[in-house]
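Bear in mind that the values in this text are calculations on the coordinates, not laboratory data. Source: prediction; values computed, not measured. Glycine also receives a Cβ, built like all others from the backbone with ideal geometry; neighbour counts cover every protein chain displayed.
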Amino acid sequence: MSVEVEELPDPLADRPEAGGMQWWAVVGIILLACGAAFIVIDSLKSETYFYTVDQALAQGPKLPGQHVRIKGTVEPGTIVGKQGELGRKFRITQKGKALAVTYDKALPDTFEENREVVVKGTVDDDMVLRADEVLVKCPSRYEGNPPTAMPNKNPRASL
C-alpha cells in the first residue's frame, strides 16, 4: 500500500522579489527628500518678516502693488487726525527715508510720535502704504522691569 503525500505550496514562492521592494523604498525616499527641499526653499523665501523703511524704498518701482510689512518710527508732526477717530495718516521713517501711511481702523492706544511700529499693507502707485494692520512696539517702561505688587498695609489676616 502506498501512501500519497500531498505536496504543500511553498509560502516563499508568492513573495515579491526583494528588488521590487527596494525600488518602492527608493521612490519613497526621493519623494520625502523633495518634500523636505520644498519646505526649506519656501521658508527661505519668507525669511524676512518685515522690511525697514529704507529697505522697502530701495526696491524702487517694484514696491507698488506689494503686500508688505514695514518697520519704522512714527515721524513727529506727521500724524493727521484725532486719537480715537478712524482714517488717520502719518509717516514712518528709518535712516533718513520716509514713507506715508494711511490707516482706516482704530490705532492702538500706545500709538504716538517717535514710537517704533510695524505696518502691514499694500503700497499704492503714489508710494503710500495703505495699512491693514499697525503694530506698536511696547514702551521701554514695560521692558525689563520686574512685576510689582501692592504693599500689604495690614499684615494681619482679617476674619
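Only alpha carbons enter this Debye calculation for the stretch 73-122, each as an equal point scatterer, and the log10 of I(q)/I(0) it gives at q = 0.13, 0.23 Å⁻¹ is -0.26, -0.84. Normalised by the number of residues in the stretch 31-90, the average gap of Cα pairs under 8 Å and 6 or more apart makes the relative contact order 23 percent.
Note: relative contact order over the stretch 21-122, using C-alpha pairs below 8 Å and six or more positions apart, is 27 percent.
Ranked by the mean number of other Cβ atoms within 10 Å per residue, highest first, peptides 96-102, 24-30 order as 96-102, 24-30. Note on the stretch 51-141: Lys pairs 8 or more places apart or on different chains, Cα atoms under 19 Å apart, count 19.
What fraction of the Cα pairs in the stretch 51-141, stated in percent, has a spacing above 16 angstrom?
Summing the P(r) tail past 16 Å for the stretch 51-141 gives 47 percent.
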